[in-house]
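Quick notes on the structure that follows.
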């Protein structure tokens, strides 16, 4: 037993050590900071023991222009174990001589934030390369370093990549949501170097083309394009999601997505590459997705067919008290939680009678868009006052019908609470508050014959007194003014 425990402990130590040695390490390396005007300044990001899957933009440097990137991969075997290092270098070309400051900056590499302290870059005169010539007057390293006078020839490398618009459902009910994703896929075996071109403007145009006119939309708002590994047909790809949204068809009309074009920067490579020469040439290629159709079907027959929400929902409810007296108020929250078009959910309408006074609810909602799904909660907070004593089931007053596409059937969310109300009936109180007194008490004994207006002497007397007072006040004011 002791030997076994020691063996297990030793294996654990080895595994922990191995994990710490060969786990991912990311870093930023600054190139030589004293260069000639005709030389590149470089910034290199490096990942050890993992692939470079995602990184943020390289910093801009005042006085320099970005002149493309280059990448390299190194594999080492140490004591029978393999380690790898993948690097990506951004080249900067100075526009003039002088001293330039690269301030401290941060970059996100494979999800990890890394800081560089920056540096001072000194750009001097162009560096003149000394050449050694052979007996016939040619530099033996001329071709290797790219000093040939003949024009460079570039060749196109076929890209092992494609763009696709995918949907998570090929058929939906009216009001049922589905998620559409436009993504660019690059095969692991791809050899062509590419990068995105003017993506912000392209996405704006893509959204105009893709968005159906008869749908409610919940956009997932992709702020940063990053790659994630996927396997399609047994092949490994890196997927770059460009646009993702949930659509909810409002009418019985199929959703047709046209072919979408995505323009990419693609580099041609030099036919005869040299060490310091120009080894690639920028070009463009547009990739097109296939057309896609989502079928829309009608909901089954139901009296509320044109009013119900569609989705997967459950009820979460709260009540301030379950026992109270007539005239006392209580609060009741009817919270609808689930997956669907949360924004379009309408409030449950309580079945009102003389037993309760219900007031319009306060409404709050929270919508979550993540992992290709739209979920959330919509809350209705009711304020109510009971008028009659008794035992009540709130399910007789609060219920909400919806259609569940997973079961192809209608369902109803009902309250599970019961309420005990004590005290006196408030009906008589309501009548008393509306009693107008003796005026209506005289109706039973009053004569129903029409009377002439001059029969009401008291009205005439009051009118005459009012006129006399008005005339007297007017005369007094005139006399006082002339005096």
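The values are calculated or read from the model by the stated rules, or taken from the named source; none is laboratory data. Small disclaimer: the values here were computed from a predicted structure and weren't measured. In this analysis, Cβ positions are derived from the backbone assuming ideal geometry, glycine residues included, and neighbour counts consider all displayed protein chains.
When you check residue 309 against the structure, is it touching a strand residue (DSSP E or B) at 6+ places or on another chain (Cβ under 6 Å), modelled with pLDDT of 95 or more and closer than 16 Å to residue 181 by Cα, yes or no? Break it down into steps so the answer makes sense when it comes.
On the way: touching a strand residue (DSSP E or B) at 6+ places or on another chain (Cβ under 6 Å): yes; modelled with pLDDT of 95 or more: yes; closer than 16 Å to residue 181 by Cα: no.
Criteria not met by residue 309.
Before we move on, is residue 248 over 28 Å from residue 159 (Cβ atoms) and in contact (Cβ under 8 Å) with a residue 60 or more places away in the chain? Write out each step before concluding.
Numbers: over 28 Å from residue 159 (Cβ atoms): yes; in contact (Cβ under 8 Å) with a residue 60 or more places away in the chain: yes.
Yes.
Within the stretch 420-430, does at least one residue satisfy the condition of being surrounded by 10 or more Cβ atoms within 10 Å (Cβ to Cβ) and either touching a helix residue (DSSP H, G or I) at 6+ places or on another chain (Cβ under 6 Å) or at pLDDT below 65 (or both)? Before you say what the answer is, go through the steps one by one.
Applying the first criterion (surrounded by 10 or more Cβ atoms within 10 Å (Cβ to Cβ)) to the stretch 420-430 yields 420-427, 429-430.
After this cut, where a residue has to be either touching a helix residue (DSSP H, G or I) at 6+ places or on another chain (Cβ under 6 Å) or at pLDDT below 65 (or both) as well, the list is 430.
Scanning the stretch 420-430 turns up at least one residue that is surrounded by 10 or more Cβ atoms within 10 Å (Cβ to Cβ) and either touching a helix residue (DSSP H, G or I) at 6+ places or on another chain (Cβ under 6 Å) or at pLDDT below 65 (or both).
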For residues that are without any contact (Cβ under 8 Å) to a residue 40 or more places away in the chain, surrounded by 13 or more Cβ atoms within 10 Å (Cβ to Cβ) and under 22 Å from the mean Cα position of the chain (by Cα), scanning just the stretch 340-367, find the one that is farthest from residue 180 (Cα to Cα).
365
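So is residue 289 within 25 Å of the chain's Cα centre (by Cα), farther than 22 Å from residue 216 by Cα and surrounded by 14 or more Cβ atoms within 10 Å (Cβ to Cβ) or not? Can you show your working first?
On the way: within 25 Å of the chain's Cα centre (by Cα): yes; farther than 22 Å from residue 216 by Cα: yes; surrounded by 14 or more Cβ atoms within 10 Å (Cβ to Cβ): yes.
It is true that residue 289 is within 25 Å of the chain's Cα centre (by Cα), farther than 22 Å from residue 216 by Cα and surrounded by 14 or more Cβ atoms within 10 Å (Cβ to Cβ).
Do we find a residue being at pLDDT below 90, surrounded by fewer than 18 Cβ atoms within 10 Å (Cβ to Cβ), out of contact with any strand residue (DSSP E or B) (no Cβ under 8 Å at 6 or more places or on another chain) and not in a helix (DSSP H, G or I) anywhere in the stretch 208-223? Full working, then the answer.
Let us first name the residues in the stretch 208-223 that are at pLDDT below 90, namely 221-223.
Okay, now just the ones that are also surrounded by fewer than 18 Cβ atoms within 10 Å (Cβ to Cβ), so 221-223.
Applying the additional criterion that residues be out of contact with any strand residue (DSSP E or B) (no Cβ under 8 Å at 6 or more places or on another chain) yields 223.
From what is left, the residues that are not in a helix (DSSP H, G or I) are 223.
Scanning the stretch 208-223, I find at least one residue that is at pLDDT below 90, surrounded by fewer than 18 Cβ atoms within 10 Å (Cβ to Cβ), out of contact with any strand residue (DSSP E or B) (no Cβ under 8 Å at 6 or more places or on another chain) and not in a helix (DSSP H, G or I), so the answer is yes.
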Return yes when residue 113 is more than 27 Å from residue 280 (Cα to Cα), at pLDDT 85 or above, surrounded by fewer than 11 Cβ atoms within 10 Å (Cβ to Cβ) and not assigned by TED's automatic domain parsing to the domain that holds residue 265 and no when it is not.
yes
Examine the stretch 72-80 for a residue that is within 14 Å of residue 40 (Cα to Cα) and at pLDDT below 90, and state whether such a residue exists.
no
Mind listing whichever residues of the stretch 225-240 are touching a residue at least 60 places away in the same chain (Cβ under 8 Å) and either loosely packed, with under 14 Cβ neighbours inside 10 Å or over 25 Å from the mean Cα position of the chain (by Cα) (or both)?
228, 229
